[in-house]
Amino acid sequence: MKSELIALMLAGFSFPWFANAQTGDDVINEALSNRPAEIQDDSMKLDKKICSGSKKYPVHLTFDDGPDPKITPQVLEVLKKAGIKATFLISTNQLTKGSAEEIRGRKRLIEKIKQDGHTVGSHSYEHIEHANLKTHTREQILNNIQRSFDEIDKLNLSKPIPFRFPYGSGWIEDSKDSANQDMGKEAILKVKAAGYQPFHWDIDTEDWSKVRRKALPMSALSQICRSHGGIILMHDVHQWTADNLPTFIESIRQSGHTFVSESEIIKYSEQKDGKPLNSLMDRLGRKGGCIYTRGSLEHVAPLCNTSSSSETKKMNGVQ
């Protein structure tokens, strides 16, 4: 009965490779055998993890770096079939680069994201580290933020608008360099003053890494248990993510957790055990948490980073 239930849930996505599956094992095996050869060995396996005490938590899906003309529509289709509302953090330089038709296409795609009921936010302009004065000047960093405002403001979004810094700048702290710490704080204050809100993450899938994503979905499920739910970080510019998103969603649902909208995860954070989610501490004016991924994704834990920014990126792989 259990395996039949798994098959029925996965079949609900109406993907052709699930059409004749009878058991959970059949679902996975058939999906793998019918996928293109280049991703057969890299496919996510359906899994589940029940948190201690059978606790169940709300989670919110977010996607960085898009919109991508090929992959973002695939992600939107999966979300539509699953009945999930997500947040898309746009790399706003894509709204100014390329041909006029390419730019119009990306803007149409953003309108589609909005029409589907998802939230649109900013992932800054250029994908730089906003708390690293060794690679960029203060003026370059602040200008990068302002250029993002200039483009996002053209989209007529309701404020406060989510804003996610690349690499978690200003949130993942550089404890060895006070100048970088001050730059990160200044960047966050500039974002808030313009009617945006820092929108970090609690669950990092590291879906961009061919090595680290192999630990999914179990690594994400473990992080959900540790953080008591929260915001999930993914990227809508990787084909692997679009291909494996249905399995990722079902693994989380089978583990008892619920996908919620941006407004719902914010409300949950504000009422959560007297302490907000790390991802949303900045909304209440508190010092943001710091996160440090040590070793295997199966052993992810929220810790305070004590390394330099460059070491953080190398160890964490945060994108």
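Failed condition for Ile84, given (1) open to solvent by 40 Å² or more (accessible area, probe 1.4 Å); (2) in a loop (DSSP other than H, G, I, E, B), with all others met?
Status for Ile84: all satisfied but (1).
So which residues in the range 49-75 are in a strand (DSSP E or B) and crowded, with 22+ Cβ neighbours inside 10 Å?
From the range 49-75, those in a strand (DSSP E or B) are 58-64; that's our starting set.
Passing the criteria: Val59, His60, Leu61, Thr62, Phe63, Asp64.
Report whether or not Lys192 is out of contact with any helix residue (DSSP H, G or I) (no Cβ under 7 Å at 6 or more places or on another chain), basic (Lys, Arg) and in contact (Cβ under 8 Å) with a residue 40 or more places away in the chain.
Yes: the conditions hold for Lys192.
Checking Gln140 against (1) of a type outside the set (Asp, Glu); (2) touching a helix residue (DSSP H, G or I) at 6+ places or on another chain (Cβ under 9 Å); (3) over 21 Å from Ile71 (Cβ atoms), only one condition comes out false. Which one?
(2)
Within the range 223-238, is even one residue open to solvent by 40 Å² or more (accessible area, probe 1.4 Å) and either more than 30 Å from Lys154 (Cβ to Cβ) or modelled with pLDDT under 95 (or both)?
There is at least one residue in the range 223-238 that is open to solvent by 40 Å² or more (accessible area, probe 1.4 Å) and either more than 30 Å from Lys154 (Cβ to Cβ) or modelled with pLDDT under 95 (or both).
Scan the range 135-158 and report the pairs whose first residue is within 22 Å of Gln115 (Cα to Cα) and open to solvent by 20 Å² or more (accessible area, probe 1.4 Å) and whose second residue is of a type in the set (A, V, I, L, M) and in a loop (DSSP other than H, G, I, E, B), with Cβ atoms within less than 9 Å and a gap of 6+ or a chain change.
Asp153/Ala194
Test Lys159 against the stated conditions and say whether it is closer than 19 Å to Phe88 by Cβ, out of contact with any Ser or Thr (no Cβ under 8 Å at 6 or more places or on another chain) and of a type in the set (D, E, K, R).
In short, yes.
How many of the residues making up the range 115-134 are in contact (Cβ under 8 Å) with a residue 60 or more places away in the chain and of a type in the set (S, T, N, Q)?
Qualifying residue count for the region: 3.
If a residue has to be open to solvent by less than 50 Å² (accessible area, probe 1.4 Å) and at positive phi to count, how many in the range 96-125 make the cut?
Going through the range 96-125 one residue at a time, the tally reaches 2.
Restricting the range 195-218 to residues that are surrounded by fewer than 22 Cβ atoms within 10 Å (Cβ to Cβ) and touching a helix residue (DSSP H, G or I) at 6+ places or on another chain (Cβ under 6 Å), which is nearest to Ser261 (Cα to Cα)?
Gln197
The values are calculated or read from the model by the stated rules, or taken from the named source; none is laboratory data. As the structure is a prediction and not an experimental result, all values here were calculated from the model. Ideal geometry is used to build each Cβ from the backbone, glycine not excepted, and the neighbour counts take in all protein chains shown. The accessibility values were calculated without ligands, DNA or RNA, using every heavy atom of the protein model including side chains. Shrake-Rupley method; radii C 1.70, N 1.55, O 1.52, S 1.80 Å.
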